[in-house]
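A short worksheet on the structure shown next.
The values are calculated or read from the model by the stated rules, or taken from the named source; none is laboratory data. All values reported here derive from a predicted model rather than from experimental measurement. Reconstructed Cβ throughout: ideal geometry from the backbone, glycine too, with neighbour counts over all protein chains shown. Note: accessible area is taken over every heavy atom of the protein model, side chains too, but ligands, DNA and RNA are not part of it. Shrake-Rupley method; radii C 1.70, N 1.55, O 1.52, S 1.80 Å.
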Amino acid sequence: MSIQSAEVALVTGGARGQGAAHAEALASAGYHVVIADVRDEDGAQTAEQLQALGLPVRYVHLDVTSESDWLQTVADIEAADGRLSVLVNNAGIIRVTRLLELDLKEWELLQTVNATSVLLGIKAAAPALARGGGGSIINISSTAAHRGAEGYGAYSASKAAILALTRAAALELAADGIRVNSVSPGGVDTPMNLDEPPGGTSSGAPLGRRARADEISPLVVFLAGDGASYVTGADYLVDGGVTVR
């Protein structure tokens, strides 16, 4: 059944970790949420768990590096739900390799999954957001975009690119009523970060620990909604104080 009046949010990388937490928070705030990922089994399970809580969440397969996948996903959402209101570009991967040992294929993989996917998401979603009268795009970057760490050169570059894309998109899409912001978490306790070696970007946080994924999500909900109606082109650090050192 089409739900024409609902605010609809698309969350990439929503099968687990931060994406799943953002999906739950947005659904709890009243959004109809589409979680997208390539981890189909995890994604379907996450959607079922949230549905069991009475939350309006469904799962779709989306390869964020595929422009055709993006266009089809957005078209399907508009057909099913009548609109798209919010895009959370959360999908990403991490690799830790020192620069002199970095293989070009690893570099390209990180740039494609982490940064090019954000560009493709903006290009696919912005016309739909404009057709719905405007909306919000939230790009998940990292404190790695703000500070150096050995072994994180490729990852940091991909996350810094997200900041640049956010600023440019905020300028270019403002006339369509589309706000574009980014969030830069520090270390977050998610499956993606379980194998992060000591000395990574989250080490030494003044608060003494990694964040829980649900500690990032309230900011995502804020940036999605009317409370942030005059906020665009901004980046928000949620890092336990890492970057103040």
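Among the residues of the stretch 84-126, the ones that are crowded, with 20+ Cβ neighbours inside 10 Å and part of a loop (DSSP other than H, G, I, E, B) come to 6 in all. Here residue 139 meets the list (1) open to solvent by 10 Å² or more (accessible area, probe 1.4 Å); (2) at pLDDT 95 or above; (3) outside any helix (DSSP H, G or I) almost entirely, failing just condition (1).
Among the residues of the stretch 142-156, those that are out of contact with any strand residue (DSSP E or B) (no Cβ under 7 Å at 6 or more places or on another chain), open to solvent by 20 Å² or more (accessible area, probe 1.4 Å) and at pLDDT below 95 comprise 147, 148, 149, 150. The sole residue among 67, 41, 24, 48 that is within 19 Å of residue 129 (Cα to Cα) and acidic (Asp, Glu) is 67. Of everything listed in (1) in contact (Cβ under 8 Å) with a residue 24 or more places away in the chain; (2) open to solvent by 60 Å² or more (accessible area, probe 1.4 Å), the single unmet condition for residue 54 is (1). Counting the residues of the stretch 31-51 that are without any contact (Cβ under 8 Å) to a residue 24 or more places away in the chain and either open to solvent by less than 50 Å² (accessible area, probe 1.4 Å) or part of a strand (DSSP E or B) (or both) gives 2.
Only one entry in 62, 129 is in contact with a Gly (Cβ under 8 Å, 6 or more places away or on another chain), closer than 12 Å to residue 10 by Cβ and either free of Cβ contacts under 8 Å to residues at least 40 places away in the same chain or open to solvent by less than 20 Å² (accessible area, probe 1.4 Å) (or both), namely 129.
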